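Report on one structure; see the data block that follows.
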Amino acid sequence: MRSLYVLFFPLAMSGAFFPIARPIVSAALARTQDPELALAAFSVLLSLTTPLISPLFSIRQIVTALCVDADMVRRLGRVVLVLGGVATIPLLVLSIPSNFLAFTEQILGIPHAIAALGPPAMWLMATSPLLTIGRAYYQGVLVSFDHANPIGLGALFYLAASTLGVFGAVYVKIPGAVAAAVALLAGNAVYVLTVWWPTRRLRQGDHPRMPHRVDDFAEEKRSTRYILSLYRPLAVSAGLSACLEPVIQAAMARTPETMTSLAAYPVCISVIWLMRTHLWNAQQVVIARVKDPVSYVAVRRWMLSLSLGTTALLAIFLWPTAGDWFFGDVIGLTGQVRDYAWQGYALLVVVPFMQGWRSLYSGTLVALGTTRRIQTAAVAKAIVLVAALVMGVVDGRLAGIFVAVGALLLAELTEVLSLQIAVRRSWARWTQAA
């Protein structure tokens with residue numbers, strides 16, 4: 001347990017500092033001249049960029065599993081560069097104002113007042129794929145060679161840069177969506193630089209920590225084909241989950257209290273992610289430490305303690321007084337937007353607990369070299385989410401945020417249960433083969 005927490009601590013720091021930026025950005029936008037409009041536009045931007053960015057960050061699991069020497073670092077680096085470049089192209093096309101307005105208004109049904117704020121910010125957000133996959137790549141290398149401390153430092157610098165960026169942009173009267181994009185660009189750029197330098201130093205000096213080539217590493221695992229075959233299910237799973245964000249936005253646009261729901265939704269989601277990201281990062285510890293059924297049991301016990309502690313901490317803001325203080329005084333929301341944000345948070349408070357188990361099961365499957373079942377679980381999650389959203393829209397009685405939150409809870413539970421079944425079957429086959 002002690003060694004697991006030692007390895008996890010820098011990742012926990014990243015999980016603590018990195019997601020704080022989203023609520024801080026929301027707090028800055030809540031202090032603009034038209035906070036509801038700014039928050040809603042920011043929510044739409046995130047829903048459009050996340051489907052392309054989320055699959056890229058899955059490369060860190062593959063890097064953690066395969067990065068054994070300098071030769072693999074170079075091979076993985078080439079794959080990372082190509083993937084990041086390919087993902088940038090659609091965002092550049094979407095940044096063209098006519099394309100952006102046509103997609104958001106005509107396809108997603110976003111009101112014109114919200115959509116019109118998006119095109120300038122999309123040009124800045126188009127840098128996200130390359131910065132995100134670069135950060136994931138360097139993070140995977142550092143964890144693989146047990147040098148994870150710069151990851152926590154990078155997250156701290158990300159938080160500082162994004163905070164200064166968004167409040168500075170708001171101070172000089174830059175529109176809300178553009179101010180948020182400036183903050184994310186500044187934070188990502190600083191983070192990449194922070195983790196790039198120590199990664200470079202692993203191969204330098206008289207006694208480098210990174211060997212040139214490990215002879216007993218299977219040759220077939222060095223091929224680009226193998227790397228992509230292991231990565232593809234993770235990318236499809238993350239991309240599929242991320243593509244559901246525009247679906248959620250479209251569903252809320254077709255339910256009662258559209259503007260209020262679109263404004264409150266990113267706030268409560270950001271707060272939940274604040275205590276979810278470190279559990280997501282714990283997946284790298286699982287990949288590095290799960291080798292057999294005995295080690296799996298030890299890691300599972302560690303994950304249970306981590307998930308329960310996180311959920312207990314989140315439960316503090318279920319107390320109405322604490323919730324009013326945080327969403328009102330700290331975040332700066334008022335009226336119905338504040339109430340909806342707190343109520344959505346109260347319903348989603350169990351999501352980090354489910355995330356802990358998701359990381360355990362997904363990390364175990366990656367460690368076993370079986371990633372296809374992760375994709376199957378993501379498909380099941382998508383089906384349940386879409387079905388629940390359709391039912392909520394057809395019913396037409398609930399405000400959009402409650403339709404979205406209810407669908408998310410059902411979808412998360414479906415994915416966790418699917419992954420649990422996959423792990424049990426994989427261990428059974430592995431034991432039989434051994």
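The values are calculated or read from the model by the stated rules, or taken from the named source; none is laboratory data. All values reported here derive from a predicted model rather than from experimental measurement. Quick reminder, even Gly has a Cβ in these numbers, built from the backbone with ideal geometry, and neighbours come from all protein chains shown. All accessible areas refer to the heavy atoms of the entire protein, side chains included, with ligands and DNA or RNA removed. Shrake-Rupley method; radii C 1.70, N 1.55, O 1.52, S 1.80 Å.
Miscellaneous remarks
- Of the criteria (1) β-branched (Val, Ile, Thr); (2) under 13 Å from the mean Cα position of the chain (by Cα); (3) modelled with pLDDT of 80 or more, which one Val25 fails: (2)
- Criterion (modelled with pLDDT of 80 or more and β-branched (Val, Ile, Thr)) met by exactly one of Val271, Val267, Val299, Val330: Val299
- Just one residue in the set Ile151, Ile133, Ile174 is open to solvent by less than 20 Å² (accessible area, probe 1.4 Å), of a type outside the set (Gly, Ala, Ser) and farther than 21 Å from Leu83 by Cα; that residue is Ile151.
- On the stretch given as segment 209-228, residues that are free of Cβ contacts under 8 Å to residues at least 12 places away in the same chain and not basic (Lys, Arg) total 7.
- The one condition in (1) open to solvent by 40 Å² or more (accessible area, probe 1.4 Å); (2) outside any helix (DSSP H, G or I) that Leu333 fails to fulfil: (1)
- Filter result (open to solvent by less than 40 Å² (accessible area, probe 1.4 Å) and not in a loop (DSSP other than H, G, I, E, B)) within segment 389-408: Leu389, Gly392, Gly400, Ile401, Val403, Ala404, Val405, Gly406, Ala407, Leu408
- Apart from one condition, Leu417 fits all of (1) open to solvent by 60 Å² or more (accessible area, probe 1.4 Å); (2) modelled with pLDDT of 90 or more; (3) farther than 29 Å from Ile316 by Cα; the exception is (3).
- Residue check, Ala183 out of contact with any Pro (no Cβ under 6 Å at 6 or more places or on another chain), over 15 Å from Val141 (Cβ atoms), at pLDDT 90 or above and surrounded by 20 or more Cβ atoms within 10 Å (Cβ to Cβ): no
- Answer residue from segment 192-234, given it is hydrophobic (A, V, I, L, M, F, W, C) and open to solvent by 20 Å² or more (accessible area, probe 1.4 Å) and is nearest to Thr127 (Cα to Cα) among those: Val192
- Counting only helices (runs of 4 or more DSSP H) that sit completely within segment 273-324, those holding 2 or more residues that are farther than 20 Å from Ser144 by Cβ and open to solvent by 10 Å² or more (accessible area, probe 1.4 Å) correspond to 293-314, 320-324.
- Any chance Ala160 is crowded, with 20+ Cβ neighbours inside 10 Å and either part of a helix (DSSP H, G or I) or at negative phi (or both): no
- Taken together, Thr260, Thr255 contain a single residue that is modelled with pLDDT of 75 or more, crowded, with 21+ Cβ neighbours inside 10 Å and not in a helix (DSSP H, G or I), which is Thr255.
- Among the candidates Ser14, Ser3, residue that is open to solvent by 40 Å² or more (accessible area, probe 1.4 Å), farther than 30 Å from Pro119 by Cβ, assigned to a helix (DSSP H, G or I) and of a type in the set (Ser, Thr, Tyr): Ser3
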